[in-house]
Each structure stands twice: as structure tokens, then as C-alpha cells.
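Below is one structure; the comments refer to it alone.
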Amino acid sequence: MTKFDLHSHSTYSDGVLRPDELVRRAARRGVSILALTDHDETSGLADARGHAEKMGVELVNGVEISVTWCGHTLHVVGLHIDPAQAELASGLESLRQGRRDRAEQIAGELDKAGVVGSLAGARAHVTNPELVGRTHFARFLAERGYARNLQGVFKKFLVNGKPGHVPHRWAGLEQAVGWIRASGGMAVLAHPGRYKLEEPQRCGMFAAFKDAGGEAIEVVTGSHTPDQYQSYARYAQRYGLLASTGSDFHGPGESYRDLGDLPELPGGCTPVWTAW
Ligand code: AMP
Ligand code: MN
Ligand code: MN
Ligand code: MN
């Protein structure tokens, strides 16, 4: 049986495994087709490719782009993108620059809350100087005992209304989908169940995503409950969107789901790979 895992992170963004370790773990866990989808960054793909070939895993070139839509942060996964495509590459570079500026602001906010040394502390966890994220700050905060684990940190820090929160403007939805499509890729709305939206706005999000040229949504993801697999399968059908599946693995012991640890897509969905 072909096992797909179409959402994962490496040390090129906020994952804890290098691409070679990630691919080896995927192979060991029976994943035959793996997408590496680092946040706003594609430089891990070339690194992953050679290892994937050796280990008999088919690597899908992916990325997870940060988007601001109606004041909410959404994530759009691109699958089968071309990382060398100019528009995509320069768009992602601008997002990474925004992350560097945001990191300094986050550290300033944490300073005000009495948490000192967080920029250096986060940087100690950064594995790609091009890509600083909240996860790196969260690892520092957990290490200092501010919470037991990352989930605990994200309840008390770095989110709206809590110390270390910095509002940020990411790519536009149409922009991100446009970059993905310009590079020959397919746009997939990541973990739609994670966004805190009222029903009409959730429907508006699917409609706007589809209008922008989005083709699929994640139905089975580490961020969804089994009930959500069913409800997002119905949204996919209702909006004529294909269904994707991915663990969103960040590291052993850090993620809800391990690589390949996913149930089949519910009946009635059309899998993304039928369009490849
Ligand atoms: P950023 O893109 O830098 O704003 O960081 C977003 C990342 O933070 C996500 O991709 C997750 O890796 C991590 N994250 C956000 N919320 C949580 C949470 N509640 N528990 C664990 N990790 C989280
Ligand atoms: Mn992440
Ligand atoms: Mn995400
Ligand atoms: Mn992700």
C-alpha cells in the first residue's frame, strides 16, 4: 500500500530532524511518498532529495507559506513546487526577512514581560539562520521552565493577548497561491480546523481560497480530531476541493502525530494525488 505524508518539517525551518534523519524516519515508518514543507523556506529540498532517493522514498517538493487573511494567520502548503522559480523564491525571501524583524520585536515584548535573553536563547535553537520562528522562542521558554512543553508555552506566551505576542503581516492569500501556481505547484490549505473562525467566515475562507486558485485542503492532519476528518471531508466536497493528508511532524515527542501515523482519507474525498 502506498502511504502518503504530505506535510513535514526539518531543521531548515522549525523541525528538529535534519532532512536525512527525517527521510530515514519516514522510510522506517512505511511512508512511500513524503512532502517536506518547511515554513517559508525551500532550501532543505535539495538536501532531502539525495537521501530520499537512497532510501526509496519519493520526495515531493513542498513549502508551507504563512498568509494573513482578514486578520487571521493561515498556512498554505505548496506541493510539487519548483523552488528555483523566481517569483516564489523572492516571495519567500521577503517572508523570511519579515521573520527576522519580528524575532527582534518578540524579544522586545518578552523583555517587557521580564523574560530576558530570549533573542539569544531562541537563536540557540535556530538551525537555519534564515528562518526564525515562534517555535524557537517556545523551545527556549520551555527550557527555562516557563511551561512543561511547547503546547504549554503556546497557551501562556507568543499568542494574542499574551507576553511575546507580535501582530505580523504575512503574504496575502492570492499572493501565496499565485507564487505556488507560478512555480507549477498545487496549493493546499493547511490544517483548516486550527483557525479560530465562525462558520460564515470559515465558509468565506474556503471560497476565497478556491477563488485564488487553491485546489485542495488538508482533511487528515495531526491538527484535526477524527470528527474533524469527517467535517473537513464534507467541506472539501462542498467546495469542490481535493483532499490532502499530512502529519505536520516537527520532531519526536513534539508533534501530535509521527510521520506516516495517519488514518486513510475518509470515503467520498478525492485525494490530491489523483490530480498529479
Ligand atoms: P510562526 O510561523 O513562527 O509564527 O510559528 C508557527 C509555528 O509555531 C507552528 O508551525 C508550530 O510549529 C508552532 N506552534 C504554534 N502553536 C503551537 C502549539 N499550540 N503547540 C505547539 N506548537 C505550536
Ligand atoms: Mn512549525
Ligand atoms: Mn502550519
Ligand atoms: Mn506545518
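With G185, G133 as the choices, which residue is touching a residue at least 60 places away in the same chain (Cβ under 8 Å) and within 30 Å of P271 (Cα to Cα)? Among G185, G133, only G185 is touching a residue at least 60 places away in the same chain (Cβ under 8 Å) and within 30 Å of P271 (Cα to Cα). Within region 108-144, being touching a helix residue (DSSP H, G or I) at 6+ places or on another chain (Cβ under 8 Å), away from ligand 3 (no atom under 16 Å from the Cβ) and among the basic types (K, R) holds for R123, R139, R144. Specify the residue that is nearest to ligand 1 (Cβ to nearest atom); the eligible residues are those in region 1-43 that are closer than 21 Å to S66 by Cα and part of a strand (DSSP E or B). So, considering only residues that are closer than 21 Å to S66 by Cα and part of a strand (DSSP E or B), the one nearest to ligand 1 (Cβ to nearest atom) is H39. Residues in region 251-264: is at least one open to solvent by 60 Å² or more (accessible area, probe 1.4 Å) and of a type in the set (A, V, I, L, M, F, W, C)? Within region 251-264 (the criterion being open to solvent by 60 Å² or more (accessible area, probe 1.4 Å) and of a type in the set (A, V, I, L, M, F, W, C)), the answer is no, since none of the residues qualifies.
Going through region 91-111 one residue at a time, which ones are among the polar types (S, T, N, Q) and within 24 Å of T42 (Cα to Cα)? Spell out the reasoning first.
The initial filter retains those residues of region 91-111 that are among the polar types (S, T, N, Q), namely 94, 97, 105.
The answer is S94, Q97.
Is there a residue being at positive phi and more than 18 Å from the chain's Cα centre (by Cα) anywhere in region 50-65? Scanning region 50-65 turns up at least one residue that is at positive phi and more than 18 Å from the chain's Cα centre (by Cα).
Within region 25-40, can one find any residue that is within 13 Å of ligand 4 (Cβ to nearest atom) and open to solvent by 10 Å² or more (accessible area, probe 1.4 Å)? So that I can check it myself, show each step before the final result.
Of region 25-40, the ones within 13 Å of ligand 4 (Cβ to nearest atom) are 35-40.
Subsequent filtering for residues that are open to solvent by 10 Å² or more (accessible area, probe 1.4 Å) retains 39.
Yes, because at least one residue in region 25-40 is within 13 Å of ligand 4 (Cβ to nearest atom) and open to solvent by 10 Å² or more (accessible area, probe 1.4 Å).
Taking the criterion of being buried (at least 19 other Cβ atoms within 10 Å of the Cβ) and among the hydroxyl-bearing types (S, T, Y), the only residue of region 45-95 that qualifies is S66.
The values are calculated or read from the model by the stated rules, or taken from the named source; none is laboratory data. Values in this document were obtained by computation on a predicted structure and should not be read as measured data. Don't worry about glycine lacking a Cβ; one is built from the backbone with ideal geometry, like all the others, and counts go over all protein chains shown. These accessible areas exclude ligands, DNA and RNA; they are computed on the full protein's heavy atoms, side chains included. Shrake-Rupley method; radii C 1.70, N 1.55, O 1.52, S 1.80 Å.
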